[in-house]
Each structure stands twice: as structure tokens, then as C-alpha cells.
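The values are calculated or read from the model by the stated rules, or taken from the named source; none is laboratory data. Values in this document were obtained by computation on a predicted structure and should not be read as measured data. Cβ coordinates were reconstructed from backbone atoms using ideal geometry, including for glycine residues, and neighbour counts include every protein chain displayed. All accessible areas refer to the heavy atoms of the entire protein, side chains included, with ligands and DNA or RNA removed. Shrake-Rupley method; radii C 1.70, N 1.55, O 1.52, S 1.80 Å.
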Amino acid sequence: MPTRKGRGSRGGKQRKQTGRVAAGVDDVVRPPEPALREQLSFVTDPLALLEGLFLHSPVPYAIFDVEGHCRLSNPAYRAMFGSVPPPEYSLFRDELVAKLGLDVLLRRAFAGETVQTPVIWYDVKELRHIEVKDAHRIAIACTCFPLSASGGEVRHIALAYKDVTAELAAREAEQLERSRLYQLLTQSPVAINLLRGPELRFEFANPLLQKLMGGRALVGRALLEAIPDISPELVSLYLGVLETGEPVAAHEYPLVIDYAGQGQVETRYWNMLYEPLRDERGRVDGLVTFAFEVTEQVLARHAVENQQRWLEAVLDSMPMPVVMAEPGTGNLVFSNAAADRLHGQHIPTRVSASEYGALFHVTDLQGRRLSGDELPSSRAARGEKLEGMEAVWHTDAGERVLSISSEMLPAMHGHPAVTLLPFLDITRLKTVEQRLQEAIRARDEFLSVASHELKTPLTVLSLRLQAFARATLVDPESPWALRHGREVQGMIRQVMRLADLVNGLLDVSRIGTGRLRLELEQVDLRALVQEVVVRFQPEAERAECQVELEGGPPAVGTWDRMRLEQVVTNLVSNALKYGAGRPVRLRVEEDAGLARLCVRDEGIGISLDAQARIFHKFERAVSERNYGGLGLGLYVARTLVEAMRGVIRVDSHPGEGSTFTVELPLLPEAPPVAATDLAS
């Protein structure tokens, strides 16, 4: 066998032929046959002729002696192996020859027999009895024939080599590709079969298909023989591919057969692809089928669709109108029966949102028609959250006032994301609200008229009582004064209390009817508070309260003097009422363009939940049985303070008293609030 040492690439440097090898040629030349000798007799130099044939033969040759050493090789040999074997190489020490059992064939050749070796892969680098630095792996086949000497004994053998590396590599690559393809088909998660001929005979069926068919014997059998319960429609699809040569795809095809082969028919769904197979002439002689089972997906979708229908049935039974819109586009995808009834007909859901402006006549409460982009469904689809948006829907059934909300539901449980828009028909509520507003206006008008009417007799009564009081002061020792003087003072206090109640009602009526006006002027808040404190001294003495005003500089701003005095009066009156028997302290200060008034009492205090409502109309923190009043003082105070662009707040805890704080800008930043705004 050929080996290499040193430079082993093809075209490497050729070792020089020794005289011993050349001499060996005479020894290995077999005596020619008589006919050959006669032919060679005409050749002047037969040895040169044989030498030329050996050297120029395209077939690689090598001659080995009985010890297995290479004695002669031609250039074709050296071109194939790259070099001649080194002197220490021997066929009978070659590990590859021994491993493959070729040494037996070589000894048969020395015994006089011509032998042929099988094709083998030969890699000189695998040899251990010689040193090899570089080599390449080749596939060879050898013909071994004996070379007899003149005496008939075989002292040498010749090996003719054939390089089949390319052929064997191609064949092995083809086998590898076939193996990979077979592995791919057998391990594929797709059911695959190959059918041939008009009878559709199974030529191949991968394990998955056989498992799905309940382990039936398929390969080698015709389709109807192997699966007799297959539907005629599917057989027609197969035959159609054979006839037309065109591939066919079936999506979610319901295949109803006995899959287990035990007499139990069931339905499974498949995505199938049929590809034609052609012979060497291009004629269709079969087809291959790829089938993906999609039963779970189809059943899951059916479940989602059933849930959708169930949900729609639930929504249809609801009395509240509901529509669903597609996020982003605003296209309506569903409307329940209540919404359709409100519209007077079925709400269209298969049109573009750009057409809704013409399909739906919707206006705001002022009568302005909303464009398509302003419709609630479009606004909600853009991500805007609607909470009680009010609009008027003009339908065939009439005008409906709606309160519309929205909620974005994310994709879940197989359902896509959707924008939900429930809405309420508040037409009746709006009608009632309008009537209530008219009733409130009528009430405010009544209070205004009643207050004016009550003020006249109260004024006359007050004047008469004051005249009686002056008469008692002129002659305090008279029998009349001694008998009625204290009664007159009590009646004066009751009339004044009644006058305060009437004035409160009158202020409320003015606020409600928009007839309250502010007259702005320069006012010293400290001086005004001092005047109110002096005026309340008699009442403070009766309540056993000490009213104190802390000292400090003036606080001058632009306000309505009379209304500001009314605010201070209400706060001081409140403090004396709920803090009776304890001190009441007032503080006026100026800070950063604001005037601040604080009225502090040490009375019963106010609970946290009551603090949020005491500034509203007719609201009280305690029972009217114990403290009386209509619950209008703080409401009027808040309204007047806010009209002058100020704020009023309270800080209180039950049993620890209360502090009311009023902050007013020294200069109004904007015109006073219109009287109609005070009605709220």
C-alpha cells in the first residue's frame, strides 16, 4: 500500500530511484508469453518500450517484494499519493491493511492469484510504524496480480490503483443526505405521506402519521385499502392533484375517520398541503402530503366564538345601551339590543369610522353638531377616558340626552382588545333637572319676595320697640317701665334675630337669582373687624365670651365693604354661638399680597366629615335644636369670599374649638365673579 513521509502533498519532490530498484526491474519482469515474445522480437529495445508504458500509464502502479517493501512506482502513483513509500514501509506491517483484512488478499497474490480489493478509505496519517507529517485521505480500489520470475516463482506483486475518492464521497454524501432527509421526515412534527400511482399507494408514511392512524399498516397499500373510511371529498383532492399537477392547500379541513382503527369515528381538523411528484419525464406520478393537526386551535377558537356569542347575548339582555369600538380606528364592532332600540334601528358595525359623522347626528348640549373625530367612540379609541360625557343623540326615535363613559379592555382569553362604551339615557333626568332648576328659581324668587315683604313689618316693629325702649330710659322708675322694660329689650333681641334670618334668606335669594352685586372700594380690614367686635360686645357679654382682637398694622385692600362686614359678622356670630363661655380671638395680618383674617374659638369643634359640608347651603355641623339657625351663615360667607377672589377654610377637632381663616387678595386679579356664577 502507498504511504508518504516528509512532504506528502501531490506534486511533492520525488525520491530518486536507486540502482537497486532499477536492477529489480529485471528480476520482476515476467517472461512474456510466446506470442508476446514474437511481437517483441520486432522491437529493437523491448525494455525501453515496457519502461515507457510503465512510466506514461495513467493508472497508478506499484511493485512490492515478498517482504512488502515497495520496489517500483510510476509517476501516476506518485501523483495520486504525493510521494513514494519510504524504505521502512511494508505492506505486511500496514495497520490499515491488517485492520481491513487485506493482507490475506495480498498473500493470495504472492501465491499466484490475481485479486481485487474492495473500495476502502486510506489515510496514511493513521499508520504507526512509519512517521507521517502530512497526508490526505483518499478512497482507493486495487487490483493485485503476481509477477513470476523465469523459474516460475512469484517474488513480486504489482498493484494497480483506482482513485474513487470523488465517487465515494459523492455516494456517501448522497447517503448522508438521504439519511438526514429520512430522519427529518420520520422525526417531523408534521404528518407526511407519499402516494404513488392512480391507485394512490402508500410509498412512505412517517411515524407520526402512522400513530395518528392508530398504527394501521400503510406502506405498500392503496389509500382506500389502508383507510377505507376516508371521505370521498379528500380522495377527490388527491386525484385532482394527480390530474392537474397543481398543488392544493386545505385549511382547517374536518377529517372524520376512525383514527384509532377501533370503530370509533371522530372529527379532527387539519391544515393540509398536497404537492405533486414528477418522474424523470416530468409527468405527475404521485404526490406528497404534509398535514398539520389544528384541532386544538380550531376548538379553542370555537370556544372563544361561543363565549363571544354568549357575551353578546348577555349584553343584549341588559337594559343599559352598550357599544364596542376597535381601539385605534374607532370602528364599531358591536352594539347591544338596548343601543339598537335607542337608535331606532340596528347600529351599523361594518363601516369605517370616518363615515360616522354623516351616519350619526350627535350634538353637544348647546346644539353644535359633533364631527366624526369628536364622537365618543373616536375619542375613546384614541385612548381618552370618558366619564359621564353628555351629548344629544338625534335619532329616528327622537332626541336623546346621553351620559357616556368608556373603558379600555386589554386583549385577554383569546379576545382582542376592545373599547367599551356604556351610556345612559338621561333624557328624563335632564327634563327633571330642568324642572328642578325652574323650581329652585321659583323658590329663590319666592324667598326674595317673602324676605322683602317680611322686612317691612319687621322694620316697623323694630322702630316701635326701640321707641318703647327709649321711653323706659327717659323714665326708668315709671310703673310702665318697671313692668315692661325688660320685656321690650327681649322683644328687640328677638326681632333682631328674626331680621338676621330674613337677611340671610334675602342674601341666598339674591345669590340664586343673580341679583347680588359687589361694590369695590378701599377698605381697612383691621378697622372693619374692630367695628364688628365693638358692635358684638353686648352679645359677647350675654354669651360670657371675651372677644379679643390682636394688635397689628392696617391691612388695606380693594373689597366690597358691606359684604366683607357681613363675612366678619357671620364668623364672629358663629364663634360666639358655638364657643359660649370661652374666649374668642381674632387676628388680622398681611402677607405676600394677601390679607388674612383668623377667627378662633374654643368651643365644641367640628368633626372632619362635617367640615366638608358646613360651607354648603342649609348645612349644619350640629343639631338645630341646640343651636338654632338656618345653616346659611357659612354658605353666604364662602360665596362672598369667593366672589372677591378669596378662600375660606376651617381647622378644627371635636372638643378643641375651631379656627376659620379667610384670605383675600389686596388687589383683585380679575373682575369680581358675576352674580349668576354665585348661584352654585
The condition from (1) over 30 Å from GLU266 (Cβ atoms); (2) in contact with a strand residue (DSSP E or B) (Cβ under 6 Å, 6 or more places away or on another chain); (3) surrounded by 19 or more Cβ atoms within 10 Å (Cβ to Cβ) that LEU287 misses is numbered (1)
Scanning the range 396-427 for residues that are in a loop (DSSP other than H, G, I, E, B) and touching a Leu at 6+ places or on another chain (Cβ under 9 Å), the one nearest to GLN366 (Cα to Cα) turns out to be ILE426
Subset of the range 70-91, residues in a helix (DSSP H, G or I) and within 21 Å of VAL104 (Cα to Cα), comes to LEU91
Taking the range 559-600 and the residues there that are over 20 Å from VAL636 (Cα atoms) and within 60 Å of the chain's Cα centre (by Cα), the one that is modelled with the lowest pLDDT would be ALA592
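Could you identify the single residue in ARG178, ARG171 that is of a type in the set (D, E, K, R) and modelled with pLDDT under 80?
Exactly one of ARG178, ARG171 is of a type in the set (D, E, K, R) and modelled with pLDDT under 80, namely ARG178.
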The residue that is nearest to the chain's Cα centre (by Cα), considering only those in the range 46-69 that are assigned to a loop (DSSP other than H, G, I, E, B) and surrounded by 15 or more Cβ atoms within 10 Å (Cβ to Cβ), is PRO60
Just one listed residue, out of ARG441, ARG400, ARG428, is farther than 23 Å from ALA358 by Cα and at pLDDT 85 or above, and it is ARG428
**Message:** Going residue by residue through the range 477-484, is there one that turns out to be at pLDDT 70 or above, surrounded by fewer than 15 Cβ atoms within 10 Å (Cβ to Cβ), over 30 Å from ALA391 (Cβ atoms) and of a type in the set (S, T, N, Q)?
**Reply:** yes
For the range 397-409, pairs from a residue that is under 19 Å from MET324 (Cα atoms) to a residue that is of a type in the set (Asp, Glu) and assigned to a strand (DSSP E or B), with Cβ under 6 Å and 6 or more apart or across chains, are SER403/GLU390
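Each row is one residue, and each column tells you yes or no for (1) in a strand (DSSP E or B); (2) open to solvent by less than 30 Å² (accessible area, probe 1.4 Å); (3) free of Cβ contacts under 8 Å to residues at least 12 places away in the same chain; (4) over 30 Å from ARG301 (Cβ atoms).
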residue	(1), (2), (3), (4)
LEU342	no, yes, no, yes
HIS346	no, no, yes, no
LEU365	no, no, no, yes
GLY383	no, no, no, no
LEU386	no, yes, no, yes
HIS394	yes, no, no, yes
Taking first residues from the range 293-318 that are closer than 30 Å to LEU209 by Cβ and second residues anywhere that are part of a helix (DSSP H, G or I), the pairs with Cβ under 9 Å that are 6 or more apart or on different chains are GLU293/LEU212
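Criterion first (at pLDDT 75 or above and open to solvent by 80 Å² or more (accessible area, probe 1.4 Å)) does GLU38 satisfy it? Steps first, answer last, please.
Numbers: at pLDDT 75 or above: yes; open to solvent by 80 Å² or more (accessible area, probe 1.4 Å): yes.
Judged against the criteria, GLU38 is a match.
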Q) Looking at the range 270-280, is at least one residue at pLDDT below 90, in a loop (DSSP other than H, G, I, E, B) and of a type in the set (Phe, Trp, Tyr)? A) no
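For every residue, the table says whether it meets (1) farther than 18 Å from ARG596 by Cα; (2) charged (D, E, K, R); (3) free of Cβ contacts under 8 Å to residues at least 24 places away in the same chain; (4) open to solvent by less than 20 Å² (accessible area, probe 1.4 Å).
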{"site": "ASP524", "(1), (2), (3), (4)": "no, yes, no, no"}
{"site": "VAL532", "(1), (2), (3), (4)": "no, no, no, yes"}
{"site": "GLU539", "(1), (2), (3), (4)": "yes, yes, no, no"}
{"site": "GLU548", "(1), (2), (3), (4)": "no, yes, no, no"}
{"site": "ALA555", "(1), (2), (3), (4)": "no, no, no, yes"}
{"site": "LYS577", "(1), (2), (3), (4)": "yes, yes, no, no"}
Residue hits (the range 221-265; within 20 Å of PRO276 (Cβ to Cβ) and open to solvent by less than 30 Å² (accessible area, probe 1.4 Å)) are ALA222, LEU223, ILE230, LEU234, VAL235, TYR238, GLY240, VAL241, GLY245, ALA250
Considering the range 143-194, residues that are of a type in the set (D, E, K, R) and outside any strand (DSSP E or B), and then whichever is nearest to the chain's Cα centre (by Cα), we arrive at ARG180
### Message
Just to be sure before I move on: is ARG108 more than 60 Å from the chain's Cα centre (by Cα), at pLDDT below 90 and of a type outside the set (Asp, Glu) in the structure I sent?
### Response
no
